[in-house]
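The values are calculated or read from the model by the stated rules, or taken from the named source; none is laboratory data. Since we're looking at a predicted model, the values are computed, not measured. Cβ sites come from the backbone with ideal geometry, for glycine too, and all protein chains shown count toward neighbours. With ligands, DNA and RNA removed, areas are computed over all heavy atoms of the protein, side chains included. Shrake-Rupley method; radii C 1.70, N 1.55, O 1.52, S 1.80 Å.
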Amino acid sequence: MTDLFEPLALRGVTLRNRIGVAPMCQYSCAPDGLPTEWHLAHLHSRAIGGAGLVITEATAVAPEGRITPADLGLWSDGHLPGHARLARAIASTGAVPAIQLAHAGRKASSAAPWIGGMAREHGWQALGPSALAMPGMDTPRAMTEADIHRVIEDFAATARRAIAAGYRLIEIHAAHGYLLHSFLSPLSNQRNDGWGGDFAGRTRLLREVVSVVRAAIPDEVPLAVRFSHTDWIEGGWSTEETVALARELKAAGVDLADVSSGGVLPAEIPMGPGYQVPGAAAVRAGTGIVTAAVGLITEPQQAQAILDEGKADLILLARELLRDPYWPVRAAATLGRMEAMQMPPQYDRAWNSRNKTRIDLAVAEPLPPL
Ligand SMILES: Cc1cc2nc3c(=O)[nH]c(=O)nc-3n(C[C@H](O)[C@H](O)[C@H](O)COP(=O)(O)O)c2cc1C
């Protein structure tokens, strides 16, 4: 039985517990994908809340790979100082700072949900495996061989920058209909060259991205991949294919499968508590890879039961941690594990923490004058 508050070791990195902050776009960047005070406050406060892992929002490996103009990027060295600040703030609390590397593909160049969502701002030409549009969006340009090789290099270069910025776990976003998932799914990839067609062709781009990113990051840094385990559409990408691919990627040096679903086309999704957990369980059982479950996991007992039943090794939460950054503390109190919480000493008096772990204040830096 794995306890929600048991540490999790992945290569040279240890998560202090099994609770992670799932990647969440904040649509709050300065121009050109630069992090802002919002990102710092948002990620730092969730790390202070006690999660073991904090993953940034989808961070674009190229400007045209942003979902919206307000998304994070790390495609240039100019992005490094801001990201270094985010990674340092997260790490200073005892959480592991992680980054999700992403390319939005045919779902790029849209707008933040609160200013129209999929209604495009016509910012730039989106790219995809085939010239097939998401309903309601513009038709992407089918990528050339040169485009594909450039994207592979962009992932490698961005991974190197992520390490330089101080991130200690790298996640490749291959879910939700964005570029890498759109190559996996026969619903969006109708190429008949070596990057489409059968399972080997459709999975080639992700396999090559994994290979170059693994080579670009130190051995001790774990590599995660976020999958959509199913498109929820007959004839689409399937759980069986996810299991087969995860097995290959594990052999290629992927340490963690983060199992989500959907996004390549609108679908009937049977949403309910833990609705994606069966996908995580299938990947874990079929491959033996360390697996994260995500999606409508909101209750401490629910999270603990997923671990107890061997369906996942790590629990990621998104919206519940927006509502309550202190969910890990609530979970520890509910599950009778408060002694496992490491609250920052600044907040000791609030939690009556018995834990004597002290945060390294040497990392603190004076703020620039306002
Ligand atoms: C505001 C918001 C932004 C999101 N942005 C991302 C993202 O950048 N990358 C990603 O893989 N998933 C993203 N997601 C999906 C979440 O990571 C998560 O998988 C999903 O919300 C289900 O988990 P939950 O039920 O705990 O919210 C986002 C979700 C929300 C609510």
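How much of the pair distance distribution for the chain lies past 25 Å, counting alpha-carbon pairs only, in percent? I get 51 percent for the Cα pairs in the chain exceeding 25 Å. In the context of the full set of protein chains, the chain has a per residue accessible area of 39 Å² (1.4 Å probe). Helix 37-48 axis versus longest C-alpha principal axis of the chain: approximately 60°, rounded to the nearest ten. When the inverse distances between all different Cα atoms of segment 221-358 are averaged and flipped, the Kirkwood radius reads 16.4 angstrom. I need the P(r) histogram for segment 121-238: all alpha carbon pairs, bin width 5 Å from 0 out to the longest distance, whole percents. Calculated P(r), rounded to whole percents: 2, 11, 20, 22, 19, 14, 9, 3, 0. Tell me the angle of helix 145-165 to the major Cα principal axis of the chain, expressed in degrees between 0 and 90 and rounded to the nearest ten. Roughly 10 degrees between the two axes. Taking all protein chains in place and a 1.4 Å probe, what share, in percent, of the accessible surface of segment 62-138 do carbon and sulfur account for? In segment 62-138, the share of accessible area belonging to carbon and sulfur is 61 percent.
Here the extension length gained between ALA30 and THR144 equals 38.0 nm, from 0.36 nm per residue of separation less the Cα-Cα distance. Taking the Kirkwood radius as Rh and the Cα radius of gyration as Rg, segment 1-124 has a ratio of Rg/Rh equal to 1.02.
With contributions of -39500 (n - 2.57) from each DSSP H run of at least four residues, the per-residue ellipticity at 222 nm computed over the chain stands at -9500 deg cm²/dmol. For segment 165-223, carbon and sulfur atoms together expose 45% of the accessible surface, with a 1.4 angstrom probe and every protein chain in place.
On the beta carbon distance between ALA244 and ALA333, with R0 = 45 Å, the FRET formula returns roughly 0.65.
For a paramagnetic label modelled on ALA285 (point 7 Å from Cα along Cα→Cβ), amide N atoms under 18 Å away belong, within segment 302-321, to 305-314.
Can you sort GLU248, GLU241, GLU208 by solvent-accessible area, 1.4 Å probe, largest first? Walk me through the intermediate numbers first.
Details: GLU248 85, GLU241 35, GLU208 60 Å².
Result of the area sort, largest leading: GLU248, GLU208, GLU241.
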